[in-house]
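**Q** Structure in structure tokens, see below.
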Amino acid sequence: FTFNGEGLSEQDLALLQDIINEIQNLTSDNIITPVEKQSLQLQWQNIQKSYNEIIELRRPYASDINISNLTTSFNALKAYFTAILENMEESTSINGEEFRGAVSAYLTQDTEIRLLIQEALRDELIYKVDIFSTNGESFKNNIINTNLKAIVMRGKNIITNNINPSQIVWNKLNGMGEIISGWEKTGISIPITQDDVE
């Protein structure tokens, strides 16, 4: 097994690595003894817990994140575990390589979906402001008469109307990028004339 945990939390990474290590140890001889089944049952519970957690975390992004491959992998793995754990009192022969492949396929999907959820969450938490000029952006002969309007977004949602206009502060910068004192306006939309532009 190889596993790239880049982007996952330490807790998620540790859980997945524990599952990988334990299943590798339990299935290396292609026989699952009753004692090994106890350990395997714990790992199956961890996998189910991880799957259910992903289902919950993905709920707000259901239209953006497709989990059909994850569900297919989970159901295939469920069939393996059900067959192995059906009789806890007798040893069960398995194809260890095939079983580890099913576990690996599921954990790969688990990781990919977790990373997509994290990305969606990051996108949702990003604030962005676009500025629009009602009369264009180029002016001739020092004739300037326009309104600048701020459009505030959080992720994909426009939240301009949820913000108090006094919270949007406009400053004027000089050619060095420094704020020019004495010129400050507030509001979602502000008028700009030739008096405001040097």
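**Q** Give Glu124, Glu137 a once-over and let me know the one that is at pLDDT below 90, under 22 Å from Glu184 (Cα atoms) and among the charged types (D, E, K, R).
**A** Unique residue meeting the criteria: Glu137.
**Q** Of the conditions (1) in contact with a helix residue (DSSP H, G or I) (Cβ under 6 Å, 6 or more places away or on another chain); (2) of a type outside the set (Gly, Ala, Ser); (3) at positive phi, Tyr106 clears all except one; give me its number.
**A** So Tyr106 meets the others, but not (3).
**Q** Could you tell me which residue of segment 140-177 is farthest from Asp195 (Cα to Cα), considering only residues that are modelled with pLDDT of 90 or more and of a type in the set (D, E, K, R)?
**A** Applying the filter and picking the extreme gives Lys149.
**Q** What tally of residues in segment 106-163 results from selecting those that are surrounded by 11 or more Cβ atoms within 10 Å (Cβ to Cβ) and assigned to a helix (DSSP H, G or I)?
**A** 19
**Q** Could you pull out the residue among Ile168, Ile188, Ile192 that is closer than 19 Å to Phe132 by Cβ, touching a residue at least 40 places away in the same chain (Cβ under 8 Å), open to solvent by less than 80 Å² (accessible area, probe 1.4 Å) and not small (Gly, Ala, Ser)?
**A** Step by step, each of Ile168, Ile188, Ile192 is checked, and only Ile192 is closer than 19 Å to Phe132 by Cβ, touching a residue at least 40 places away in the same chain (Cβ under 8 Å), open to solvent by less than 80 Å² (accessible area, probe 1.4 Å) and not small (Gly, Ala, Ser).
**Q** For segment 60-105: of the residues being of a type in the set (Val, Ile, Thr), farther than 17 Å from Ser50 by Cα and not in a helix (DSSP H, G or I), which is farthest from the chain's Cα centre (by Cα)? Write out each step before concluding.
**A** We begin by selecting, within segment 60-105, every residue of a type in the set (Val, Ile, Thr); these are 65, 67, 71-72, 82, 84, 92, 94, 103.
From the residues that got through so far, the ones that are farther than 17 Å from Ser50 by Cα too are 82, 84, 92, 94.
So of that shortlist, the ones also not in a helix (DSSP H, G or I) come out as 92, 94.
Values: Thr92: 39, Ile94: 36 Å.
Looking at residues that are of a type in the set (Val, Ile, Thr), farther than 17 Å from Ser50 by Cα and not in a helix (DSSP H, G or I), I get Thr92.
**Q** Can I ask one more? Of the residues that sit in segment 34-90 and are among the β-branched types (Val, Ile, Thr) and open to solvent by 70 Å² or more (accessible area, probe 1.4 Å), which one is farthest from Leu125 (Cα to Cα)?
**A** Looking at residues that are among the β-branched types (Val, Ile, Thr) and open to solvent by 70 Å² or more (accessible area, probe 1.4 Å), I get Val35.
**Q** OK, next. Does Glu22 satisfy the condition of being on the phi < 0 side of the Ramachandran plot, part of a helix (DSSP H, G or I) and either open to solvent by 70 Å² or more (accessible area, probe 1.4 Å) or modelled with pLDDT of 90 or more (or both)?
**A** no
**Q** A further question on this structure: Which of the residues spanning segment 34-59 are over 20 Å from the mean Cα position of the chain (by Cα) and of a type in the set (Asp, Glu)?
**A** Glu36 - this is the single residue of segment 34-59 that is over 20 Å from the mean Cα position of the chain (by Cα) and of a type in the set (Asp, Glu).
The values are calculated or read from the model by the stated rules, or taken from the named source; none is laboratory data. A quick note: this is a predicted structure, and the numbers were derived from the prediction, not measured. Because the Cβ atoms are built from the backbone with ideal geometry, glycine has one as well, and the counts that use them run over all protein chains shown. What goes into the accessible areas is simple: the full protein's heavy atoms, side chains included, and nothing from ligands, DNA or RNA. Shrake-Rupley method; radii C 1.70, N 1.55, O 1.52, S 1.80 Å.
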